[in-house]
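Derivation of every value follows stated rules applied to the coordinates shown; laboratory data play no part. As the structure is a computational prediction, the values presented were derived from the model and not from experiment. Here Cβ is always computed from backbone atoms with ideal geometry, including for glycine, and neighbour counts include all displayed protein chains.
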Amino acid sequence: MRIQETTKLRQNQLKLMKYLDLTLGDAAENLACDEALLEAFEGSGRGEELLRVWQGAEYFVVLGHGNRLLDEVDVSICAAGGIPVLRRCSGGGTVLQGPGCLNYSLILQQNRFAGANVRAAFDFVLERHRSCLESLLGRRASIRGVSDLTLGERKFSGNAQYRKRHYLLVHGTFLLNFDLPSIAKFLRIPKKQPEYRRNRSHVDFLVNLQIDVSILRKALRLSWNAEEEFTGIPLDAIQRLLRERYRLNEWNQRF
């Protein structure tokens, strides 16, 4: 069923895909930007879609929407190291991000997945990314668990979703040349994990792609036919979401 769903979804043609290469000043602003973009497309009624890419300059931790802070993060070590701990609007696991990690964000129309579940939407995105990466790497990549991309048994991309009525946000990361040992310093082994992880350490579970970031950016843009530059950055909404969520301890540390 999963393969059949993916095949049907891949037959859908992209509509007016826009492109935004935008990294804002800090991690909170970049997380708020994703949600603000989803809100903007939800309210636009224009039927457009968007690919955004960005890359943080400093290390930071991001919790999934429902993750428990103390279960996932060594809070004292993060505080001592000046590592911000933030929470995103989407689900998924907790990650350490920063230099050597490329982020992507896709704003897609919900009617593309009419009658399909969350997993089908992941499959649509991840199959496209899997194909894109295989052409760059010259080796096989796989979709594992619900929302991971792997080389063999080792993960290089984690992904998450946040849905509204007409649009959904699918966003995630690509490990390119990230300092993998640093992850174990700040993050605990998650209690909830895909079966294929088998309780392996972060270093044993993850792998870098060793691809130049400029090459991957170009490949993603080509893969999604994101030709036209997006200029309608929702700056006011970003600032509102920073005030309401992303700069508040009540949001970031609420579980």
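Could you tell me what percent of the DSSP beta bridges with both partners in segment 2-252 are antiparallel, to the nearest 5? Roughly 75 percent of the beta bridges in segment 2-252 run antiparallel, per DSSP.
By the rule of a C-alpha distance below 13 Å, with chain neighbours fewer than 8 residues away ignored, the aspartates and glutamates paired with residue 18 are 48, 49, 227, 228, 229.
List the DSSP H helices in the chain whose Cα atoms stretch 18 Å or more along the helix axis and whose mean Kyte-Doolittle hydropathy is at least -0.5. Span-like helices, by this rule, are 27-44, 118-137.
Rounded to the nearest 20, the size of the Cβ-charge dipole of the chain about its Cα centre is 840 debye, with Lys and Arg at +1 and Asp and Glu at -1.
Applying Stokes-Einstein at 37 °C and 0.692 mPa s to the Kirkwood radius of the chain, computed over alpha-carbon pairs, gives a translational diffusion coefficient of 177 µm² s⁻¹.
The separation of segment 16-40 from segment 185-255, counted between C-alpha centres, amounts to 11 Å.
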